[in-house]
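The values are calculated or read from the model by the stated rules, or taken from the named source; none is laboratory data. Please read these numbers as outputs of a predicted model, since none were measured by experiment. Backbone-built Cβ (ideal geometry, glycine too); neighbour counts: all protein chains shown.
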Amino acid sequence: MRYHTPTSFADAAAIAAGATGTLRFLAGGTDVLVQMRAGMVQPDDLIDLKHIPGVDQVVQTPDGGWKIGIAVPGIVLGGHEGLVRDWPGVVEGMSLVGSTQVQGRATLAGNLCNGSPAADSVPGLIAAGAMVTVTGPKGSRDIPVEAVPAGPGKTTLAKGEVVSSITLPPRGKNGGDCYLRFIPRTEMDIAVVGCAVSLRLDGDKIVEARVALGAVAPTVILSEAAAQAIIGTTLDDAATAALAKAAEGAAKPISDKRGTKEFRIDVAGVLARRAAQIAYDRAKGPSKGSQA
Amino acid sequence: MARDDVKTGYKLIGTRPNRPDGLDKVTGRARYGADFSLPGMLHAAVVRSPHAHARIVKIDASKALALDGVKAVVTRADLPTGLTGEDLNLQDNTLAGDRALYDGHAVAAVAATSALLAQDAARLIEVTYEVLPHVTDVDAAMAPGAPVIREGVADYSVPEGMHGNVARYMEFGHGDVEAGFAAADIVREHTYKTEATHQGYIEPHACVGQMGEDGRGEMWVCTQGHWYIRRMSAAVLGIDAANLRVTPSEIGGGFGGKTTIFMEPLSLALSRKAGGRPVKLVMSRSEVLRATGPTASASMDVKLGMKKDGTITAGQVYFRMQGGAFPGMSPIGEALPCAFACYDIAALKHEAVEVIANRPKAAAYRAPGSPMAAFAVESLVDEMCRELKLDPIEVRLKNGATNGSKSSYGPVYNVIGLKETLEAAKDHPNYAIPLGPNQGRGVASGFWFNHGGETSVSLAVGEDGTATVMIGTPDIGGSRASIGLMVAETLGIPYEDVRVNVVETGALGVNEPTHGSRATFASGKAAVEAARQAIAEMCRRAAADWGIDAEAVEWKDGAAHPAGPNAGKHPPMTIGEIGSKMGSTGGPISGHHEVTAEGVGASFGTHVVDVEVDPETGRTTVLRYLVVQDAGTAIHPAYVEGQYQGGAAQGIGWALNEEYVYGADGRLQNPVFLDYRIPVASDLPMIDTVIIEVPNPGHPYGVRGVGETGITPPLPAVASAIAGATGARIRSLPCSPPKVLAAIKAAKG
């Protein structure tokens, strides 16, 4: 195995483009190192991205969004005042990944590029409309987060391409988001179903919404039907019932050791309803929102 | 109820001193199995079958042996032939013969100069398999048409006409069950299933083995019983037990799973083939889950008759259990006697069969068989209590076994504490807390026989008046502290002046493992006898010094005293003074006791659990949990409480989420802790405990084993609480959210 420590994403992309065997990028390493120890993958080239300047930074963009370096660990996101204020749903998704020890290393970019349909941070990013910058041998391009996963363990990135940052849009006014997952235990578990909802209000009425479902298909589902079920409503009982039905309809799960197909469909509806309510209350703000 | 035989007023027994292993464990100094290393040591890796059942056509290790640094490969061809019975089963499990019998079955092992190199070499060993039909489910394994996975496993007990996978049959009972059912107001009958669960000890199996060409060897190993390791390893390798010296490490959990061998002889076989270099073998978590002993899975029919006042008129069970691909490993012989052990019922019939299946060789797991039996019987008792609107504790008090009852399995109970646990549970504040929406309460009682067993203990008095105790039962639950307290109490010296060491096989007579909740009972009893011997000798030394008869000397408060005015006026001679002079007064002072310990007292317990179930997801939250159990005498109450809480935690895991999940290909789907879901700390409330003390007349300080009973009631108690919360009765564990949600939806129609 060759271990590389490039100091720029252009160099990283060049090494990756020239690699001929099994290649892995190393950010936090909480997936790659575990897979290596378990004998699931034996990389010929391991490219450690943590030597690239800026990868451990969270910076505000000129328009008020947030640019997150690919090596920023979950514990830093969870303690970042601006991110927690603007995108609590994104932060809470990342905070659910692993143990306290894992939180000290695990990253948003790694969670995304690991390609798990059950990745806890990905639905929140997709609901938020986050973008990733991808750097390759021919330069950089920006694509939506939902364009990255291609199925379990796979991404759409071309040979030589690497995620070089993740950017959350400006939150703006009257917005709220939330991520909920279902696990049989309380922690240290993998999502059987996950759901993120991000929405914006005008008064009591929802004017924008994005609903993302995790662990119910090979990739995270961004459901337009679920979003439309609540846009234009005040999230009354009829709207939440319609949302649950739309989420159930959008879910395309399998039965496996973690849960049955029928169970995942039911719980997708339940979580969508519950996540939407929390996002709605967050959008209303603490003074106006109902006490959940 | 006052008892003449019950002593009170102890100085040390019942106190909670610091644990002797505590500092080493919290600082990382404690040496566990994998911490041991020797100069020149090699590292081993094991090649395991990826098939549930396959003929091994060919093993080609040439590529592995060609690697620089690979020192030895062993296959079954390196082990002796001609073994029979359980020795052959152990050998078959250590390394597969002509067939791999389960996913993860060891096929070959390799030793190399590093662990990574050994793993690389293992991947280069080419095994050609011919895949055979398999079966993993207990009921499917004895259904018509199921493949017979090993010929000739049935012993004398199996009636003709049963499936070829049936290995054993048992039946017993008393009274006229048909008359009993006829006398009942309601008779109910259901089938209950439990899935296999693993002990889940945090420390994987690990050992370092060294053996020369002369067949003399040593092993350092994580185990509950090093004499068992010695005997079993010697049998598998065809060497004499005396030529193998086994030293136990500190142990990171066992729960019964470390009372046997799985891979330990491989370290010795590899070492012998590698010119006597020591070989370390450490299992990964996946190897532990795939290839060490979980408990059995079970399918159980129960029938009960009950009168409207709660009187149980008759009971009948038919249990089917599989304990893997080897006969004799399922706990039918324990499950049947445990089934109705908490009750005094006029008519009972017990039947069970053991069936083999393509699963790993089962091992003991905390009260083997009792939790499954309790799940079946206690669940049905609860169902009938709810149907008849009877209080479940009152029904148990009405039918419960008591002093002098003839037990369901034959012997008469001497002094037991079941009713005391029921009364204490009824009076506990938890039993009166009002329940909210979607909340339910479950009650169940449980039982474990406890065990005595072969025990050998020595004690030596030091020159400074301290005492060293040598025991042969590894400390998996606080026995060093408890034995230290009992010895200190007996000698009349401070607890801190007694050090209890778990010593190697060369230092004592044969000891059974720490199993059957026996260590504090049996090693403790023997240690007290050894201390009494040393006291007698010290009294003789004092008597000689004073020029009086030894009978005229009595021992109290750590010193010899003249017994009465006729003995003359002599100042007390302390253990320190006697110890400092022992070289000139007759030599070393020690005590030794060895016995197959008798006088075991059973431990009964009653648990009360409150749960809340999310009606939309089927997810169960344990709100509060109460364990009430009879300890006889709690020598070190903090350890007793720890055993109660640990048993409850494991039982809750078994009830809610733990299970072996097999795919259609017969491979284990969840051999990692991510998907084999033991409870994490945040899943459980602080578990409330009440220690009942009904001293065991068969122990000098009244000890009953406390380690196992606690895992028995949680399975039915949790399922009954879920039934109370949802109206849906789960008769097949685990009560996982998909199953509970489906049951809630089915109950609603």
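Within the stretch B:6-20, residues that are under 13 Å from B:Glu496 (Cα atoms) sit with their Cβ atoms under 7 Å from residues that are in a loop (DSSP other than H, G, I, E, B), at 6+ positions apart or across chains, in these pairs: B:Arg16/B:His636; B:Arg19/B:Gly478.
Residues checked against (1) touching a residue at least 40 places away in the same chain (Cβ under 8 Å); (2) part of a helix (DSSP H, G or I):
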{"residue": "A:Arg181", "(1), (2)": "yes, no"}
{"residue": "A:Val216", "(1), (2)": "yes, no"}
{"residue": "A:Ala246", "(1), (2)": "no, yes"}
{"residue": "A:Phe263", "(1), (2)": "yes, yes"}
{"residue": "A:Pro286", "(1), (2)": "no, no"}
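Among the candidates A:Val193, A:Val197, which residue alone is within 14 Å of chain B (Cβ to nearest Cβ), farther than 29 Å from A:Asp48 by Cβ and within 14 Å of the chain's Cα centre (by Cα)? Explain how you work it out, then say what you get.
Numbers: A:Val197 fails: within 14 Å of chain B (Cβ to nearest Cβ).
Every option except A:Val193 fails the conditions.
Return a yes/no flag: does the stretch B:554-561 have any residue that is under 29 Å from B:Gly452 (Cβ atoms), touching a helix residue (DSSP H, G or I) at 6+ places or on another chain (Cβ under 8 Å), modelled with pLDDT of 95 or more and of a type in the set (A, V, I, L, M). No. Just so you know, in the stretch B:257-297 the residues that are among the polar types (S, T, N, Q) and not in a loop (DSSP other than H, G, I, E, B) include one that is surrounded by the fewest Cβ atoms within 10 Å (Cβ to Cβ), and it is B:Ser286. Put simply, of A:Ala268, A:Ala227 the only residue that is within 13 Å of another protein chain (Cβ to nearest Cβ) and outside any strand (DSSP E or B) is A:Ala268.
Going through the stretch A:63-75 one residue at a time, which ones are touching a Gly at 6+ places or on another chain (Cβ under 7 Å) and surrounded by fewer than 20 Cβ atoms within 10 Å (Cβ to Cβ)? Correct list: A:Ile75 only. Specify the residue that is farthest from the chain's Cα centre (by Cα); the eligible residues are those in the stretch B:108-121 that are more than 14 Å from every other protein chain (Cβ to nearest Cβ) and surrounded by fewer than 24 Cβ atoms within 10 Å (Cβ to Cβ). The qualifying residue farthest from the chain's Cα centre (by Cα) is B:Thr113. In this structure, does B:Thr490 turn out to be over 22 Å from B:Glu554 (Cβ atoms) and not in a strand (DSSP E or B)? No; evaluated as a whole, the condition is false for this residue. Residues that are farther than 30 Å from B:Lys58 by Cβ and either free of Cβ contacts under 8 Å to residues at least 60 places away in the same chain or crowded, with 16+ Cβ neighbours inside 10 Å (or both) are absent from the stretch B:125-133 altogether.
For residues in the stretch B:597-625 being crowded, with 19+ Cβ neighbours inside 10 Å and of a type in the set (S, T, N, Q), which is nearest to the other protein chains (Cβ to nearest Cβ)? If we take residues in the stretch B:597-625 being crowded, with 19+ Cβ neighbours inside 10 Å and of a type in the set (S, T, N, Q), then B:Thr617 is nearest to the other protein chains (Cβ to nearest Cβ). Could you please find all residues in the stretch B:320-357 being under 20 Å from the mean Cα position of the chain (by Cα) and among the aromatic types (Phe, Trp, Tyr)? Within the stretch B:320-357, B:Phe326 is the sole residue that qualifies.
Restricting attention to the stretch A:6-43, the residues that are more than 25 Å from the chain's Cα centre (by Cα) and either within 24 Å of A:Leu77 (Cα to Cα) or not assigned by TED's automatic domain parsing to the domain that holds A:Ser99 (or both) total 1. Screening B:Asn450 against (1) at positive phi; (2) more than 23 Å from the chain's Cα centre (by Cα); (3) not hydroxyl-bearing (Ser, Thr, Tyr) leaves a single unmet condition, (2). Residues of the stretch B:706-723 that are within 14 Å of chain A (Cβ to nearest Cβ) and part of a loop (DSSP other than H, G, I, E, B): none at all. The residue that is nearest to the chain's Cα centre (by Cα), among those in the stretch B:651-666 that are more than 11 Å from chain A (Cβ to nearest Cβ) and surrounded by fewer than 24 Cβ atoms within 10 Å (Cβ to Cβ), is B:Gly666. Checking each residue in the stretch B:540-557 for being surrounded by fewer than 18 Cβ atoms within 10 Å (Cβ to Cβ) and closer than 21 Å to B:Tyr495 by Cβ picks out B:Lys556, B:Asp557. If you check B:Gly492, B:Gly440 for being crowded, with 20+ Cβ neighbours inside 10 Å and touching a residue at least 24 places away in the same chain (Cβ under 8 Å), only one passes: B:Gly440.
Okay, residues lined up against (1) surrounded by 15 or more Cβ atoms within 10 Å (Cβ to Cβ); (2) in contact (Cβ under 8 Å) with a residue 24 or more places away in the chain; (3) farther than 25 Å from A:Ala17 by Cα:
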residue	(1), (2), (3)
A:Leu77	yes, yes, yes
A:Val84	yes, no, yes
A:Gly89	yes, yes, yes
A:Glu92	yes, yes, yes
A:Gly110	yes, yes, no
A:Ala118	yes, yes, yes
A:Lys154	no, yes, no
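State which residue is nearest to the other protein chains (Cβ to nearest Cβ) when the search covers only the stretch A:230-244 and only residues that are part of a loop (DSSP other than H, G, I, E, B) and free of Cβ contacts under 8 Å to residues at least 40 places away in the same chain. Spell out the reasoning first.
Here is the first cut: in the stretch A:230-244, the ones part of a loop (DSSP other than H, G, I, E, B) are A:231-236.
Then keep just the ones that are free of Cβ contacts under 8 Å to residues at least 40 places away in the same chain; that gives A:231-234, A:236.
Details: A:Ile231: 24, A:Gly232: 26, A:Thr233: 21, A:Thr234: 22, A:Asp236: 19 Å.
Applying the filter and picking the extreme gives A:Asp236.
So, B:Leu266, is that one over 15 Å from B:Ala122 (Cβ atoms), among the hydrophobic types (A, V, I, L, M, F, W, C), over 20 Å from the mean Cα position of the chain (by Cα) and at pLDDT 95 or above or not? For B:Leu266, the condition - over 15 Å from B:Ala122 (Cβ atoms), among the hydrophobic types (A, V, I, L, M, F, W, C), over 20 Å from the mean Cα position of the chain (by Cα) and at pLDDT 95 or above - is not met. Annotation: of all residues in the stretch B:667-685 being more than 7 Å from chain A (Cβ to nearest Cβ) and more than 23 Å from the chain's Cα centre (by Cα), the one that is surrounded by the fewest Cβ atoms within 10 Å (Cβ to Cβ) is B:Pro685.
Here are some residues: B:Leu124, B:Leu132, B:Leu67. Which one is over 33 Å from the mean Cα position of the chain (by Cα) and within 14 Å of chain A (Cβ to nearest Cβ)? Steps first, answer last, please.
Numbers: B:Leu132 fails: within 14 Å of chain A (Cβ to nearest Cβ); B:Leu67 fails: within 14 Å of chain A (Cβ to nearest Cβ).
After applying the criteria, what remains is B:Leu124.
Candidates are the residues of the stretch A:248-261 that are charged (D, E, K, R) and part of a loop (DSSP other than H, G, I, E, B); the one that is nearest to A:Pro218 (Cα to Cα) is A:Lys252. Of all residues in the stretch B:724-749, those satisfying the criterion of being under 20 Å from B:Glu659 (Cα atoms), more than 13 Å from chain A (Cβ to nearest Cβ) and of a type outside the set (Ser, Thr, Tyr) are B:Arg729, B:Ile730, B:Arg731, B:Leu733. Filtering the stretch B:131-187 to residues that are under 16 Å from B:Ala325 (Cα atoms) and in contact with an Asp or Glu (Cβ under 6 Å, 6 or more places away or on another chain) leaves B:Ala167, B:Arg168.
So, B:Val703, is that one surrounded by 23 or more Cβ atoms within 10 Å (Cβ to Cβ) and either in contact with a Lys or Arg (Cβ under 8 Å, 6 or more places away or on another chain) or not in a loop (DSSP other than H, G, I, E, B) (or both) or not? Considered against the rule, which asks whether it is surrounded by 23 or more Cβ atoms within 10 Å (Cβ to Cβ) and either in contact with a Lys or Arg (Cβ under 8 Å, 6 or more places away or on another chain) or not in a loop (DSSP other than H, G, I, E, B) (or both), B:Val703 comes out as yes. Please work out if A:Asp177 is away from chain B (no Cβ under 14 Å), crowded, with 23+ Cβ neighbours inside 10 Å and not small (Gly, Ala, Ser). For A:Asp177, the condition - away from chain B (no Cβ under 14 Å), crowded, with 23+ Cβ neighbours inside 10 Å and not small (Gly, Ala, Ser) - is met.
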